[in-house]
1. Does Gly86 count as within 28 Å of Leu118 (Cα to Cα), of a type in the set (Gly, Ala, Ser) and surrounded by 11 or more Cβ atoms within 10 Å (Cβ to Cβ)?
2. For the range 1-81, please list each of the helices (runs of 4 or more DSSP H) lying entirely inside it that holds at least 2 residues being modelled with pLDDT of 90 or more and of a type in the set (D, E, K, R).
3. Could you say which residue among Lys58, Lys33 is within 19 Å of Leu118 (Cβ to Cβ), loosely packed, with under 13 Cβ neighbours inside 10 Å and out of contact with any strand residue (DSSP E or B) (no Cβ under 7 Å at 6 or more places or on another chain)?
4. If I filter the range 66-79 for residues that are small (Gly, Ala, Ser), closer than 26 Å to Pro18 by Cβ and within 11 Å of the chain's Cα centre (by Cα), do I get at least one hit?
5. Can you name the condition, by its number, that Tyr38 falls short on among (1) among the aromatic types (Phe, Trp, Tyr); (2) closer than 19 Å to Arg109 by Cα; (3) over 17 Å from the mean Cα position of the chain (by Cα)?
6. Residue pairs, Cβ under 8 Å, 6 or more apart or interchain, first in the range 59-88 and aliphatic (A, V, I, L, M), second at pLDDT 95 or above and assigned to a loop (DSSP other than H, G, I, E, B). List them.
7. For the range 92-109, which residues satisfy the criterion of being among the charged types (D, E, K, R) and surrounded by 10 or more Cβ atoms within 10 Å (Cβ to Cβ)?
Amino acid sequence: MSNNNSISYRCVGDYLIPNLIIPPEEANITLGKWGMLYKSHLEKHNKFLFNSLLIKGKLYQHCAEVENQARNMFYTLVEQMKSLEGVTEQLKEENQMEWVQRMGNIEARAREIVANELIDNR
C-alpha cells in the first residue's frame, strides 16, 4: 500500500507501517563524532524532526551537514583560542607539558561550545 508521497507501507494488524529503506546516497554517508551526537540528540529530544528526516531519506545527509559545521567550528575556535592565549609552537618547543595542558583545556572548551551551539540547542 502507498500514498501520494511515494512511501510504501505494509499492514501489520490494524496499523500501516512505512517501509523505510535508506536511499543509496544516504547509505554511503559515514558520520563522525559530531554527526552521531547530533543524531542521538535528535532521536531523544526532537523525535518529530528525526522521524521526518528519516522518512524523507535525509537523516544522514542532515547529520553530515551538522558534522561538517561542528568540525569547522571546533577547529576555528581552537585556532582563535590558541592565538588569543599565546599557545604557540614556540611554547610547544620550550615547555611541552604546559603546551599539552593548555591545548587540552582549549579543546575541552571548544568541544563544549560546539556541543552547546550546534548539537544541544539546534
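1. no
2. 33-45
3. Answer to the check: Lys33.
4. no
5. (3)
6. That search, which allows pairs on different chains as well, returns Met81/Val87.
7. Lys92, Glu94, Glu98, Arg102, Glu107, Arg109
Yes/no matrix, rows are residues, columns are (1) touching an Asp or Glu at 6+ places or on another chain (Cβ under 8 Å); (2) of a type in the set (Lys, Arg):
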{"site": "Pro24", "(1), (2)": "no, no"}
{"site": "Leu31", "(1), (2)": "yes, no"}
{"site": "Lys47", "(1), (2)": "no, yes"}
{"site": "Ile55", "(1), (2)": "no, no"}
{"site": "Tyr60", "(1), (2)": "yes, no"}
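The values are calculated or read from the model by the stated rules, or taken from the named source; none is laboratory data. Note that this is a predicted model, so its numbers are computed, not measured. Glycine also receives a Cβ, built like all others from the backbone with ideal geometry; neighbour counts cover every protein chain displayed.
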